[in-house]
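Notes follow once the structure below has been shown.
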Amino acid sequence: MLRFYNSLSKMKEDFIPIEKGKVKIYTCGPTVYDYAHIGNFRTFLFEDFLKRTLQSLGYDVFHVMNITDVDDKTIKKSLEEGKELHEITEYYKSIFIEDLEILKILPPNEFPAATDHIDQMINIIQILIDKGHAYTTDDSSVFFSIDSYKDYGKLSNLDMSKVIRGSRVASDEYNLENPSDFVLWKSYKKEDGNVKWASPWGYGRPGWHIECSAMSMEYLGNHFDIHCGGVDNKFPHHENEIAQSFCSTEEPFVNTWMHAEFLIINDTKMSKSLDNYYHLKDLIKKGFTPEEIRYTMFSAHYRSKLNFTLDKKHEAKMAIQRITELKDRLSHFEKSGRNNLPEEAEDFKLALCDDLDSPKALAIFFDWLRKTNKKLDRNKLSKLDANKGNNFISFFDSIYGVLKDSLMIPDDVLSLIEEREIARKNNDWAKSDNIRYKINKKGWIIKDTSNGPKITPK
């Protein structure tokens with residue numbers, strides 16, 4: 001049975017999709033005013049891991065990830081740079097999509113932008129006003145009344161006795177210890193530049209929280225299976241999403257809430273002042289491959305803090321190399337048409353089904369890998385087991401995505417490899433070494449094995 005920890009109930013629960021065999025997921029996407037950092041990508045990679053796991057288990061997954069392209073941060077950035085809002089957001093959106101591709105994060109089925117769904121937001125806000133859950137202020141802003149929703153604070157476990165009744169907050173992010181009536185619609189202010197839309201309450205723009213409610217319900221319906229994000233989204237963002245969504249529809253909003261823990265750097269919170277604030281391009285410049293980044297992110301459970309250090313690159317590199325080498329060894333066996341898996345694969349699946357226990361799944365996989373290598377060393381691995389092994393590696397990588405795609409070796413390098421093999425058969429070791437040098441100069445490393453030459457990029 002598939003079980004996930006539900007942040008709302010604070011316990012692991014059996015996961016039963018609303019519609020059999022299908023899973024609807026909403027994940028909070030980036031606010032496109034800057035490059036996403038690796039803390040953000042920890043969350044995005046966890047969501048990719050969840051999605052891949054569900055797909056590997058046979059579920060049809062429909063995934064929506066939003067783009068926040070209007071909020072306090074995006075407007076501030078556009079004014080600082082003297083550019084139109086859409087110029088800023090389109091640029092950073094394109095970079096984000098490139099980063100997703102680099103990290104092999106599967107694209108969502110829908111990738112909606114907030115500015116394309118203003119009408120939906122206005123409709124929800126009007127419903128909330130009509131039902132007595134929201135009110136207008138003297139400046140024509142609209143606020144949600146948290147006192148109107150008895151379950152407010154349940155997700156983030158807030159002590160509502162400390163709430164200052166009647167207090168309001170118009171900023172998109174605010175003091176975590178001061179829950180207040182939150183803004184649904186912000187009346188136009190001159191500091192917003194030319195960012196404004198017409199509404200029944202006058203010109204203005206939406207608050208951050210209403211954006212995700214509008215977009216999730218537009219593409220997934222009023223009630224769907226899973227909503228994901230980082231732990232920093234629990235309050236106020238997700239708490240507010242639940243309140244405004246339920247109060248507008250009077251239907252359950254989301255069955256399962258899943259949150260990824262923080263990523264820290266060398267046991268310290270990421271900070272630009274400490275020079276430990278990394279974007280994806282920074283890690284690649286430091287020698288990390290996308291596959292090594294993925295492996296590192298999956299080495300810890302998603303609900304545990306991940307202490308990211310630069311020396312984890314070596315650990316990830318060695319682990320991926322071990323998998324790749326076994327894959328190469330098994331590739332020499334004749335393949336059968338069967339898709340059988342070894343017995344260990346069942347325990348591997350059970351670990352993933354237990355709230356995505358990646359560390360346990362990795363331990364099971366590498367124990368199987370070690371045993372399989374021993375059998376190969378002793379020439380005691382059957383063709384059937386080799387076929388099962390190939391299938392297991394493919395199944396593993398369909399979820400983890402840590403193996404490089406098949407190498408495209410240039411024709412001139414292939415010719416040199418063939419020429420070198422002829423030299424080796426003729427015991428012409430000087431010529432063989434000379435060709436090895438030429439291959440190396442072209443950016444490739446050749447290693448002689450009992451199964452023939454192995455070629456890898458430098």
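So which residues in the range 193-225 are out of contact with any Gly (no Cβ under 8 Å at 6 or more places or on another chain) and more than 19 Å from GLN244 (Cβ to Cβ), if there are any at all?
GLY193, ASN194, VAL195, ALA198, GLY202, TYR203, ASP225
Return the pair list, or none, for Cβ contacts closer than 6 Å from residues in the range 432-450 that are of a type in the set (Gly, Ala, Ser) to residues that are not in a strand (DSSP E or B), at least 6 apart or on different chains.
What qualifies is SER432/ARG420; SER432/ALA423; SER432/ARG424; GLY443/LYS458.
Quick check on this structure: which one of LYS131, LYS93, LYS51 is assigned by TED's automatic domain parsing to the domain that holds ASP151 and within 16 Å of PRO30 (Cα to Cα)?
Exactly one residue qualifies, and that residue is LYS93.
Consider the range 368-401. How many of its residues are hydrophobic (A, V, I, L, M, F, W, C) and over 12 Å from ASN340 (Cβ atoms)?
Selection size over the range 368-401: 7.
Any idea which of GLU325, GLU315 is assigned to a helix (DSSP H, G or I), more than 25 Å from the chain's Cα centre (by Cα) and surrounded by fewer than 17 Cβ atoms within 10 Å (Cβ to Cβ)?
Unique residue meeting the criteria: GLU325.
Could you list all residues from the range 64-75 that are more than 12 Å from HIS86 (Cβ to Cβ), touching a helix residue (DSSP H, G or I) at 6+ places or on another chain (Cβ under 6 Å) and not charged (D, E, K, R)?
VAL64, ASN66, THR68
Counting only residues that are farther than 13 Å from ILE118 by Cα, touching a helix residue (DSSP H, G or I) at 6+ places or on another chain (Cβ under 9 Å) and not β-branched (Val, Ile, Thr), how many does the range 177-205 have?
Of the residues in that region, 11 qualify.
Among the residues of the range 364-380 satisfying the criterion of being surrounded by 14 or more Cβ atoms within 10 Å (Cβ to Cβ) and free of Cβ contacts under 8 Å to residues at least 24 places away in the same chain, which is farthest from the chain's Cα centre (by Cα)?
The qualifying residue farthest from the chain's Cα centre (by Cα) is LYS375.
Condition first: part of a helix (DSSP H, G or I), closer than 30 Å to ILE439 by Cα and in contact with a helix residue (DSSP H, G or I) (Cβ under 7 Å, 6 or more places away or on another chain). Now tell me which residues in the range 383-411 satisfy that.
Matches in the range 383-411: ASN390, ILE393.
Across the range 127-167, what is the number of residues that are on the phi < 0 side of the Ramachandran plot and among the small types (Gly, Ala, Ser)?
Going through the range 127-167 one residue at a time, the tally reaches 7.
Name the pairs: first residue in the range 332-347 and without any contact (Cβ under 8 Å) to a residue 24 or more places away in the chain and closer than 27 Å to GLY452 by Cβ, second residue exposed (fewer than 14 other Cβ atoms within 10 Å of the Cβ) and hydrophobic (A, V, I, L, M, F, W, C), Cβ to Cβ under 9 Å, at least 6 apart or on different chains?
Within 9 Å, no pair qualifies.
Quick check on this structure: which one of ASP355, ASP385 is surrounded by 14 or more Cβ atoms within 10 Å (Cβ to Cβ) and on the phi > 0 side of the Ramachandran plot?
ASP355
Which residue, of ASP267, ASP328, is within 19 Å of LYS454 (Cβ to Cβ) and among the acidic types (Asp, Glu)?
Going through ASP267, ASP328 in turn, just one is within 19 Å of LYS454 (Cβ to Cβ) and among the acidic types (Asp, Glu): ASP328.
Being part of a loop (DSSP other than H, G, I, E, B), assigned by TED's automatic domain parsing to the domain that holds ILE323 and on the phi < 0 side of the Ramachandran plot narrows it down to one residue among LYS360, LYS371, LYS380, LYS375; which is it?
Result of the check over LYS360, LYS371, LYS380, LYS375: LYS380.
The values are calculated or read from the model by the stated rules, or taken from the named source; none is laboratory data. No experiment lies behind these values; they were computed from the predicted model shown. Please note: Cβ atoms are built from the backbone with ideal geometry, for glycine as well, and neighbour counts cover all protein chains shown.
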